[in-house]
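Reviewing the structure listed below.
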Amino acid sequence: KLDEPFMVIATQNPIEQEGTYPLPEAQLDRFMFNLIIKYPNKDEETLIVKNMHNIINADIKPIINFDQLNTFQNLVVNMPVSDHVINFAVNFVRATRIDEQTDESIKKWLNWGAGPRASAILIMAAKGYALINNRTTPEIDDIKHMAKPVLRHRIIPNFNAEADGMSCDDILDYLLDKIK
């Protein structure tokens, strides 16, 4: 356990490398987000290379202190959320699970859906996103915006999804269009 406000950030390369192994689903579920970071464009990459040679003389200045960070974290945790936003998030996550009420395409594409932790994390992420955007409470659009980073590593597509060319993000987009 790390002291607050520290956290674990892990990376997983998209190509197999010696010493890098996929995590079991139960361990992946403990990560809040699965972010896809694309290669930088040429200008960004050039700037990265230039700045790598100036790092020794860098004058790093903090932009936030511990108390400020703690205050922001508490704002997110204590931010109110409307029942209709919670219901949307719960319904969305539940729509990834296979049962008798599941959409036929989801039954076809998924072996496993997201658990209750995903609903709670989706609300927390939407609250943080709302705060970053100067709003005092999250909206359904915040849930939709955070759905893929929160859920893409919590659903398990099957061979049918691969055969249909459906990625996790494609499946989540399909559900976002269907859930009201």
With no solvent and one equal point scatterer placed on each C-alpha of the chain, evaluate the Debye formula and give log10 I(q)/I(0) for q = 0.12 Å⁻¹, two decimals.
-0.74
Once both label points are put 7 Å beyond Cα along the C-beta direction, the K1-H84 separation in nm becomes 4.0
Could you pull out every residue, at least 5 positions away or on a different chain, whose amide H is within less than 5 Å of the one on W112? Hs are placed 1.01 Å off N in the peptide plane, and Pro or chain starts have none.
I156
List the lysines whose Cα sits under 23 Å from the Cα of K107, skipping any in the same chain fewer than 8 residues away.
K144, K148, K178, K180
Using helices alone, I'd like the mean residue ellipticity at 222 nm for the chain: each DSSP H run of four-plus residues gives -39500 (n - 2.57), total over residue count, nearest 500.
-15000 deg cm²/dmol
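Taking 0.36 nm per intervening residue step and subtracting the Cα-Cα distance, what contour gain separates N158 from I98 on full extension? Intermediate values should be presented prior to the final figure.
Numbers: separation 60, 0.36 × 60 = 21.60 nm, distance 1.25 nm.
Roughly 20.4 nm would be gained on extension.
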For helix 140-151, what angle does its Cα long axis make with the longest principal axis of the chain, in degrees from 0 to 90 and rounded to 10?
80
So the angle from the long Cα axis of helix 116-132 to the longest Cα principal axis of the chain, reported in degrees to the nearest 10, equals 50
Would you mind computing, in nm to one decimal, how far apart the modelled labels at V8 and K50 are, each placed 7 Å from Cα along Cα→Cβ?
3.8
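Tally up the carbon and sulfur contribution to the accessible surface of the range 81-122 as a whole percent, 1.4 Å probe, everything protein left in place. Walk me through the numbers before you get to the answer.
Details: 1150 of 2280 Å².
Answer for the range 81-122: carbon and sulfur cover 50 percent of the accessible area.
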Over the chain, relative contact order from alpha-carbon pairs under 8 Å, at least 6 apart, %:
25
In sequence order, what are the phi-derived ³J(HN,Hα) couplings for the range 36-48 according to the Karplus relation 6.51 cos²θ - 1.76 cosθ + 1.60 with θ = phi - 60°, rounded to whole Hz, with x for glycine and proline?
9, 10, 7, 4, x, 6, 4, 5, 5, 5, 4, 5, 4
Reachable lysines from K1, criterion Cα separation under 25 angstrom, eight or more residues apart if same chain
K127
Rounded to the nearest 10, the angle in degrees between the Cα long axis of helix 168-178 and the longest principal axis of the Cα atoms of the chain comes to 60
Say each of L23 and N133 gets a label point 7 Å from the Cα, pointing the same way as Cα to Cβ; how far apart are those two points in nm?
2.7
With a cut-off of 20 Å, note down the residues of the range 120-137 whose backbone N falls inside the zone around a label point 7 Å from the Cα of D169 toward its beta carbon.
122, 125-126, 129
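Keeping every protein chain present and rolling a 1.4 Å probe, give me the accessible area per residue for the chain in Å². Intermediate values should be presented prior to the final figure.
Numbers: 13270 Å² over 180 residues.
Normalised by residue count, the accessible surface of the chain is 74 Å².
The values are calculated or read from the model by the stated rules, or taken from the named source; none is laboratory data. Note that the structure is predicted; figures quoted are calculated from it, not measured. Counting neighbours? That spans all protein chains shown, and the Cβs are built from the backbone with ideal geometry, glycine included. Just so you know, the surface numbers come from the protein's heavy atoms only, side chains and all, with ligands and any DNA or RNA stripped out. Shrake-Rupley method; radii C 1.70, N 1.55, O 1.52, S 1.80 Å.
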